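> Just passing along the structure, written as structure tokens.
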Amino acid sequence: MKQTYFAFAAANTDGVNHFKMMGANVFGLEDMVGGGDRDYNDLLVGIDFKNYVTV
């Protein structure tokens, strides 16, 4: 069965928040129904914001 998880617990069918802020601009994902082991290291996503100036 395919499962889709959202950043808001109320939107998830299991009522669990599957995303957690792990650090500055780094988010961890828990991929198991019901929260699994709740280590949030199943997928780590980092975002690096940069300012670009066009001339």
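Here, each number is a calculation from the coordinates, and none is a lab measurement. Keep in mind the model is a prediction, meaning the values are calculated, not measured. In this analysis, Cβ positions are derived from the backbone assuming ideal geometry, glycine residues included, and neighbour counts consider all displayed protein chains.
> Which longest uninterrupted range of the chain lacks any chymotrypsin sites (Phe, Trp or Tyr not before Pro) assigned by DSSP to a loop state (not H, G, I, E or B) and surrounded by at most 10 other Cβ atoms within 10 Å? Intermediate results must be reported in sequence, preceding the final value.
Numbers: sites that count: Phe8, Phe49, Tyr52.
By the stated rule (loop sites, at most 10 other Cβ atoms within 10 Å), 9-48.
> Something else about it: Please compute P(r) over all alpha-carbon pairs of the chain, binned at 5 Å starting from zero, and give each bin as a whole-number percent.
Taking every Cα pair in the chain, the percentages come to 4, 20, 24, 20, 11, 7, 5, 4, 3, 1, 0.
> Between Thr54 and Asp14, what is 0.36 nm times their sequence separation minus the Cα-Cα distance? Round to one decimal in nm. It would help to have the intermediate numbers written out before the result.
Details: separation 40, 0.36 × 40 = 14.40 nm, distance 4.55 nm.
Difference between extended and current length: 9.8 nm.
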